[in-house]
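Asker: Before anything else, here's the structure in question.
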Amino acid sequence: MGQISLKAVEKWFGEVQVIKGVDLDIQDGELIIFVGPSGCGKSTLLRMISGLEETSRGQIVLDGEDVTHKVPSERELSMVFQSYALYPHLSVEDNMGFALKTAGAPKSEISEKVSRAADTLQLNQYLDRRPKDLSGGQRQRVAIGRAIVRKPKGFLFDEPLSNLDASLRVDMRFEIARLHKALESTMVYVTHDQVEAMTLADRIVVLKDGLIMQVGTPRELYESPDNVFVAQFIGSPK
Ligand code: ADP
Ligand code: MG
């Protein structure tokens, strides 16, 4: 399960309101993508879902449970950080098993879970390597592997492909789509790249200045944008 509801969610940094009342129901197993221009609040919203950022007002509900005031480790959602957030001094295997080790899991359990995640991600032959000896795409897969081993209810991605070069970005798009199918997990994904959103998303949430402009499938947004902002952002002909 991984049903996430945002109810009248607001974020204030001091006197400045950056999320202005967001209501959204994310279905279990859905790949939902937040898009919008830089500074519109995508990362802040994602960080509130993860618990890394406090929610000023409103509620965040995970599978019917109010998690608004829970810390990240109590939410069973895994944030996938960009690949440069890997530990450079640890092997792929230890990077992937780090969270389990910290949680005190026995060695046998860690190695079994890491090996299963490595299968899914086709990383088996790289388990002994350090991040610096991997390609950008492989590093990104390790970053995803770190999240997978914890068997979360959902995965949260903040522009996971933005530091990869253009051709690798396209490969990794397929990789994310393949993973989403394989894992059947809820994924909340932030990007400022509308092409990435259009090709990957079950549904897209278009944000502007801390407000939702429209929510819909890529096709709905393309064929019937609610307003000029959405039309221009998505590149719709209308
Ligand atoms: P996006 O990810 O869409 O580019 P962010 O969520 O990072 O946007 O930021 C939304 C707004 O909130 C921006 O105006 C940003 O400057 C502001 N902001 C983000 N984090 C903080 C913070 N810790 N303190 C004050 N303002 C912040
Ligand atoms: Mg951001």
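Any read-out appearing in this document is the output of simple, stated calculations on the displayed coordinates, not a laboratory observation. What you see is a predicted model, and the numbers here were worked out from it, not measured in a lab. FYI the Cβ positions are ideal-geometry reconstructions off the backbone, even for glycines, and counts take in every protein chain you see.
Asker: Give the average over all directions of the projected area of the C-alpha convex hull of the chain, one decimal, in nm².
Answerer: About 13.1 nm², averaged over all directions.
Asker: Could you tell me whether segment 1-86 comes out rounded, prolate or oblate from its Cα gyration tensor? Rule is a ≥ b ≥ c as square roots of the eigenvalues, rounded for a/c under 1.5, then prolate if a/b exceeds b/c, otherwise oblate.
Answerer: rounded
Asker: Moving on. For segment 73-132, what ratio Rg/Rh do Cα atoms give with a Kirkwood hydrodynamic radius?
Answerer: My calculation puts Rg/Rh at 0.95.
Asker: For the chain, what's the relative contact order in percent, using C-alpha pairs closer than 8 Å and at least 6 residues apart?
Answerer: Answer for the chain is 27 percent.
Asker: Against the longest alpha carbon principal axis of the chain, how many degrees, from 0 to 90 and to the nearest 10, is the axis of helix 92-102 turned?
Answerer: 80
Asker: Something else now. Give a residue-ordered list of calculated ³J(HN,Hα) values for segment 31-48 (Karplus: 6.51 cos²θ - 1.76 cosθ + 1.60, θ = phi - 60°; whole Hz; x for Gly, Pro).
Answerer: 9, 10, 10, 8, 10, x, x, 3, x, 7, x, 4, 5, 4, 5, 5, 5, 5
Asker: Which ³J(HN,Hα) values in Hz, rounded to whole numbers, follow from the phi angles of segment 222-234 under the Karplus curve 6.51 cos²θ - 1.76 cosθ + 1.60, where θ = phi - 60° and Gly and Pro get x?
Answerer: 6, 7, 9, x, 6, 7, 4, 4, 4, 4, 5, 5, 7
Asker: Rounded to the nearest 20 Debye, what is the dipole magnitude of the chain about its Cα centre when Lys and Arg each give +1 and Asp and Glu each give -1 at the C-beta?
Answerer: Dipole of the chain, to the nearest 20 debye: 480 debye.
Asker: What Kirkwood radius, in Å to one decimal, follows from the Cα pairs of segment 63-182?
Answerer: 14.8
Asker: In what order do 16, 22 fall by count of nearby beta-carbon atoms within 10 Å, going from fewest to most?
Answerer: With the sparsest Cβ surroundings first, the list reads 16, 22.
Asker: Using Cα atoms only, what is the angle between the long axis of helix 107-120 and the major principal axis of the chain, expressed in degrees (0 to 90) to the nearest 10?
Answerer: The two axes meet at around 60 degrees.
Asker: Here's something else I'd like to know. Roughly speaking, what is the centre-to-centre gap between segment 100-174 and segment 1-58 when only Cα atoms are used, to the nearest Å?
Answerer: Cα centroid of segment 100-174 versus Cα centroid of segment 1-58: 25 Å apart.
Asker: Could you work out the mean projected area of the convex hull around the alpha carbons of segment 149-189, in square nanometres to one decimal?
Answerer: 3.1
Asker: Would you look at the GNM of the chain, springs on alpha carbons closer than 10 Å, and say which of 208, 132, 113 moves the most?
Answerer: 132
Asker: How do 93, 109 rank when sorted from fewest to most other Cβ atoms within 10 Å of their own Cβ?
Answerer: Listing 93, 109 from fewest to most nearby Cβ atoms yields 109, 93.
Asker: Using amide H atoms built in the peptide plane, which far-off residues or other-chain residues are under 5 Å from residue 158 H to H?
Answerer: It is 80, 190, by chain and number.
Asker: Counting Lys and Arg as +1 and Asp and Glu as -1, each charge on the Cβ, what is the dipole of segment 20-81 about the Cα centre in debye, to the nearest 20?
Answerer: With Lys and Arg at +1 and Asp and Glu at -1, about 420 debye.
Asker: About the Cα centre of segment 1-113, how large is the charge dipole given +1 on each Lys and Arg Cβ and -1 on each Asp and Glu Cβ? Please answer in debye to the nearest 20.
Answerer: The calculated dipole for segment 1-113 is roughly 340 debye.
Asker: In what sequence do 191, 68, 102, 217 fall when counting other Cβ within 10 Å, fewest first?
Answerer: Result, fewest neighbours first: 102, 217, 68, 191.
Asker: With axes computed from alpha carbons, what is the tilt in degrees of helix 166-183 against the longest principal axis of the chain, rounded to the nearest 10 within 0 to 90?
Answerer: On a 0 to 90 degree scale, this one is about 80.
Asker: On to the next question. Scan around residue 18 for amide H atoms under 5 Å from its own, H built in the peptide plane at 1.01 Å from N, and keep only partners 5 or more places away or cross-chain.
Answerer: 11, 12, 13
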